[in-house]
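The numbers here are math on the coordinates, done by the rules we state, and not lab data. What you are looking at is a predicted structure, and each value in this text was computed from that prediction instead of being measured. Here the Cβ positions follow ideal geometry from the backbone for every residue, glycine too, while neighbour counts run over all protein chains shown.
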Amino acid sequence: MTFVSSGYDPEKPMENRITDIGPKKYDEFYPPVIAKNKGKWLYHEILEPGVLVHVSETGDEVYTVRVGGARLMSVSLIREICDIADKHCDGYVRWTTRNNIEFMIDSKDKVKPLIDDLESRKFDGGSYKFPVGGTGAGITNIVHTQGWLHCHTPATDASGPVKATMDVLFEDFKDMRMPSQLRVSLACCLNMCGAVHCSDIAMLGYHRKPPMVDHEYLDKMCEIPLAIAACPTAAIKPKKVEVGGKTLNSVEVNNSRCMYCGNCYTMCPCLPLMDKEGDGVVLMVGGKVSNSRTAPKFSKVAVAFLPNTAPRWPETTDAIKKIVEVYASDARKYERLGEWAERIGWERFFEKCELEFTHHLIDDFRDPAYYTWRQTTNFKF
Amino acid sequence: MAKHETPLLDQLESGPWPSFVSDMKQEAEARAKKAGEMNYQIPVDVVDDLLGVLELSYVDGETHWKHGGIVGVFGYGGGVIGRYCDQPEKFPGVAHFHTMRINQPGGKFYNTDYLRKICDLWDFRGSGLTNMHGSTGDIIFLGTTTPQLEEIFWELTHNLGQDLGGSGSNLRTPSDCIGQARCEWACYDTQDLCYQLTVDYQDELHRPAFPYKFKFKFDGCPNCCVASIARADMAFVGTWKDEIRIDQEAVKAYVGGEVKPNGNAHAGRDWGAFDIEKEVINLCPTECMRYENGKLEINNRECTRCMHCINVMPRALRPGVQGGCSILVGAKAPILDGAQMGSLLIPFVEVNKESGYEEIKDVIEPIWDWWMEEGKNRERLGELMKRRGFQQLLEAVGVDAMPQHVSEPRHNPYIFWKEEEVPGGFEMDINEFRKRHLR
């Protein structure tokens, strides 16, 4: 490889430098039918799973074909998406918040050729490149984080469990038989780069062991006060240690206070806490962000721990499949998973889903805990 | 022939859902094939080594990435996340594997000309792997080396008219829903407000000056498709002030079964004939609707604009025409003090393009001032609000308290009165007191 300069001169970094220009302006990329009808849309309809039509007051229609995609995407695949968009959609395409890809066209007769084209494309390994679906009362794509692929704090992988889960839920990506939309998310650690704390079903990577202390290097690599201040439960205090005959400044972790959040590790690389046996998945359920009918809700912990069984996380996908099927058969039309669980009562939720209720599921973290205990005689046997 | 054996990852190639492993393998092959003609600026086998290190994580059950170092582009404090592999000798192609965040366009609309240019740049100077998109919204360039950062930034700004997004303790890349571009429910132009604030606050986005991260998200209606209410320090959620628009003929069409409810979203199962009483009237949280003699009536004064009836009958009902947004503040994920939902601060503000959104900036900037003054290192706005109280936020922004601010009034009478609120103030004369009350 020989280095090729872009034109940037490291000796004169400010020369001809362009900064603070922000993103491309949105309307540079609107397909003509979108540009013409923005703000004029009257209503929409889902023609079949993955296919929407929006109708404008001008009489124009835009047909959208939604396909699932892995959030991790190569330039080869993006170029293939461009080829499809050039062939069918006059060179326009968009992504959704949930990592789906949307191809938009301005007339109905273009829909079928587009779908046929999309569904015909497969990877060498056999999976679909562009499965059509993800609309309405079904299960759409999983929003997720980086996991073992590119992050320093994960307690589980992201792309792998998502692939495994979507394989299990695939029929419901292509169907709309659920009582309401069902949103699944994954965050690979407590930082929750994905908004899993308000999802119908959430997989959350969780550590279960307090950090190790790399005494020999800690004072050289970390600001001890920052590491101490980073702990939300005040479990870390300064400590002098003897290593190889030398007295070193380091820290001590009060294991019984640690909630394994990894916040200290983010501030100090000498406090790693990942561990094969310790790390795994917490399953949370019943969250929502929509204000429809009921206020947005946080997800609640339904399963305290499931192991990281790579490559397909069967314990996790089995539990999710079970919850999905019980919800699908028991909830009323329009009822989100959390609304259903609250109507039947959480004692019934655990019974119907055949999930064990353990002490881990009773909140004991600070003030909000009290508000989750039952302060009434109303309960079900 | 693959560089590393990946028997565990290989098991993620089967099954119907798009396989990221297959995609990575195709990219690894594409790079190897073009190695002769392309003068790749980072190792040709970068994707092979990424597959290798990921396979090792599948065996070990642990990540093999180290903390980010301080890398970036000159003059910016964000947009690049340093990333190094902790097994660099086994996987030299990903020894240095930094992320760049590229500020996505509104609504994530693209044309293929732009996308191809992005691909060409990233193919040449990076791993050729992206996230479309990261959780916050950016296009993520996954993996390049330190010497390429300035080169990529130069090409982005000079050839593509494109800037980096945010990372670190600054304004993170704002993101929006599809909004009025293709949704009939958007109560304001999410993409324009998002764009304008992003451009106007470039300094806050690129140069960390805050106690911690700060997120703006823009949802066009209370359905909250970008989850602003759950994950943005400031959530701008579209709403309306006037009456839900009703097309009575279309209501009859729903009742008569000529139009499928909920935009046909429930077509995968036979739920029986549409029942407006059961599916709309009785599910209205404020019981402000009735259907009598073939006519739908809504007591709009009692409506809280939850969207359920509009979601169910999109051809018959539309949000009112006096659109604007509610501003909710303080949402965040659980680290550190537990998850927080956004709390309503401004029930309604006009989203006024002509004024340059001055009315909205008049809310944003005092909040930033208060947070920068009072916030501790790594304290999100929501945590500061909990620590200092909602009243302090109201004072900082100059907003009067109103019942809309609470779900219910306080449970305790431990009110911190201000001295000026109590006649005579806090200074009392003990001698005068003793004249009335003997020791």
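Which percent, nearest 5, of DSSP beta bridges in chain A are antiparallel? About 85 percent, rounded to the nearest 5. Considering all C-alpha pairs of segment A:91-141, those separated by over 13 Å amount to 66%. Histogrammed with a bin width of 5 Å, the alpha carbon distances of segment B:106-189 distribute as 3, 12, 20, 24, 20, 11, 6, 4, 1, 0 percent, first bin at zero.
Throw me the Rg/Rh for segment A:333-381, computed over C-alpha atoms with Kirkwood Rh, two decimals.
Details: Rg = 12.3 Å, Rh = 12.4 Å.
Over the Cα atoms of segment A:333-381, Rg/Rh equals 0.99.
Would you mind classifying the protein assembly as shown by shape? Square roots of the alpha carbon gyration tensor eigenvalues, ordered a ≥ b ≥ c; an a/c under 1.5 is rounded, otherwise it is prolate if a/b is larger than b/c and oblate if not.
On the way: a/c = 1.37, a/b = 1.05, b/c = 1.31.
In terms of gyration-tensor shape, rounded.
Expressed to the nearest 5 percent, the antiparallel share of DSSP beta bridges inside the protein assembly as shown is 85 percent. Treating each Cα of segment B:6-97 as one equal point scatterer and applying the Debye formula with no solvent, the log10 of I(q)/I(0) at q = 0.13, 0.22, 0.25 Å⁻¹ comes out as -0.54, -1.15, -1.23.
Using the scaling law 2.2 N^0.38 Å as the reference, what is the normalised Cα Rg of segment A:247-286?
Working: Rg = 13.3 Å, N = 40, 2.2 N^0.38 = 8.9 Å.
That works out to 1.49 for segment A:247-286.
So for segment A:273-381, Kirkwood radius off the Cα pairs, Stokes-Einstein at 10 °C and 1.306 mPa s: how many µm² s⁻¹?
Details: Rh = 15.5 Å.
Roughly 102 µm²/s, to the nearest whole number.
Considered as an equivalent ellipsoid built on the Cα gyration tensor, segment A:89-208 has semi-axes of 29, 16, 14 Å, the largest given first.
Please report the relative contact order for chain B, taking Cα pairs under 8 Å with a sequence separation of at least 6, and give it as a percent rounded to a whole number.
Here the relative contact order equals 11 percent.
Report the Stokes-Einstein translational diffusion coefficient (µm² s⁻¹, integer) for segment B:274-349, Rh taken as the Kirkwood radius over Cα pairs, at 37 °C with viscosity 0.692 mPa s. Can you show the working numbers first?
Numbers: Rh = 14.8 Å.
Answer, rounded: 221 µm²/s.
In the distance distribution for segment B:237-305, Cα-Cα pairs more than 17 Å apart total 49 percent.
If N is the number of residues in segment B:282-412, what value comes out of its Cα radius of gyration divided by 2.2 N^0.38 Å?
Working: Rg = 18.5 Å, N = 131, 2.2 N^0.38 = 14.0 Å.
For segment B:282-412, the normalised Cα radius of gyration is 1.32.
In this structure, the pairs whose alpha-carbon distance is over 23 Å, taken from A:36/A:108; A:322/B:260; A:163/B:217; A:25/B:34; A:163/A:276, are A:322/B:260; A:163/B:217; A:25/B:34.
I need the shape label for chain A. Rule: rounded when a/c is under 1.5, else prolate if a/b > b/c, else oblate, with a, b, c from the alpha carbon gyration tensor.
Details: a/c = 2.17, a/b = 1.26, b/c = 1.73.
In terms of gyration-tensor shape, oblate.
When Rg and Dmax are taken over the Cα atoms of segment A:1-133, they come to 19.0, 59 Å. Residues whose amide H lies under 5 Å from that of residue A:135, counting only those 5 or more places away or on a different chain, are A:50; hydrogens are built 1.01 Å from N in the peptide plane. Using θ = phi - 60° in the Karplus curve 6.51 cos²θ - 1.76 cosθ + 1.60, the 3J(HN,Hα) couplings for segment B:203-215 round to 5, 5, 6, 9, 10, x, 9, 9, x, 6, 5, 9, 10 Hz; x is entered for Gly and Pro.
Shape of segment B:47-154 from its Cα gyration tensor (a ≥ b ≥ c, root eigenvalues): rounded if a/c is under 1.5, otherwise prolate when a/b > b/c, or oblate? The partial results should precede the final answer.
Values: a/c = 1.83, a/b = 1.53, b/c = 1.19.
Taking the square roots of the gyration eigenvalues as a ≥ b ≥ c, segment B:47-154 is prolate.
Please give the helix B:146-159 orientation as an angle from the longest Cα principal axis of chain B, in degrees from 0 to 90, rounded to the nearest 10. Value to nearest ten degrees: 70. By the Kirkwood approach, averaging reciprocal distances over each pair of separate Cα atoms, segment A:220-334 gets a hydrodynamic radius of 17.9 Å.
Looking at chain B, I'd like the Rg to Rh ratio, where Rg is from alpha-carbon atoms and Rh is Kirkwood's inverse mean 1/r. Don't skip to the answer; put the middle values down first.
Numbers: Rg = 27.5 Å, Rh = 25.7 Å.
When Rh is taken as the Kirkwood radius, the ratio is 1.07.
Couplings 3J(HN,Hα) for segment A:72-85, derived from phi with the Karplus relation 6.51 cos²θ - 1.76 cosθ + 1.60 (θ = phi - 60°), are 6, 9, 7, 5, 4, 6, 5, 5, 5, 4, 4, 4, 5, 5 Hz, where x marks Gly and Pro. In summary, the convex hull built on the alpha carbon positions of segment A:36-81 has an orientation-averaged projected area of 4.5 nm². For residue B:345, nonlocal amide neighbours, meaning residues 5 or more places apart or on other chains whose placed amide H falls under 5 Å from its own, are B:327, B:328, B:329.
Helix B:112-125 and the longest principal axis of the C-alpha atoms of chain B enclose an angle of approximately 60°. Remind me, relative contact order of segment A:160-319 in percent, using alpha carbon pairs under 8 angstrom and six or more residues apart? Relative contact order, segment A:160-319: 26 percent.
Given R0 = 22 Å, the distance between the Cβ atoms of residue A:12 and residue B:159 translates into a calculated FRET efficiency of 0.70.
For the protein assembly as shown, what does -39500 (n - 2.57) per DSSP helix run (n ≥ 4), summed and divided by total residues, give at 222 nm, in deg cm²/dmol to the nearest 500? List each step's numbers first, then the result.
Details: 26 runs with 233 residues, N = 820.
Helices in the protein assembly as shown give a 222 nm mean residue ellipticity of -8000 deg cm²/dmol.
The phi torsions of segment A:98-106, fed into the Karplus equation with coefficients 6.51, -1.76 and 1.60 and a -60° offset, translate into couplings of 9, 6, 8, 10, 10, 9, 10, 9, 9 Hz, rounded to whole numbers, with Gly and Pro shown as x. Under 5 Å from the amide H of residue A:252 lie the amide H atoms of A:237, A:239, each residue being 5 or more positions distant or on a separate chain, with H modelled from the backbone and absent for Pro and chain starts. Note on segment A:159-291: percent of Cα-Cα distances in each 10 Å bin, starting at 0 and stopping at the bin with the largest distance, equals 12, 32, 25, 16, 10, 4, 1.
Restricting segment B:264-307 to GluC sites (Glu not before Pro) that sit in a DSSP loop and have at most 11 other Cβ atoms within 10 Å of their own Cβ leaves B:287.
Residues B:236, A:365, B:153, A:3, ranked from the fewest to the most other C-beta atoms within 10 Å, line up as A:3, A:365, B:153, B:236.
Explain nothing, just the number: relative contact order of chain A, from Cα pairs under 8 Å at least 6 residues apart, as a whole percent.
On the way: 700 pairs, mean separation 43.3, N = 381.
Averaging sequence separation for qualifying contacts and normalising by length gives 11 percent for chain A.
Which ordering of B:411, A:44 is given by a fewest-first count of other beta-carbon atoms within 10 Å? Walk me through the numbers before you get to the answer.
On the way: B:411 6, A:44 22.
In increasing order of surrounding Cβ atoms, one gets B:411, A:44.
Within the P(r) computed for segment B:163-260, what percentage of the Cα pairs occupies the region above 21 Å? Of all Cα-Cα pairs in segment B:163-260, 46 percent lie more than 21 Å apart.
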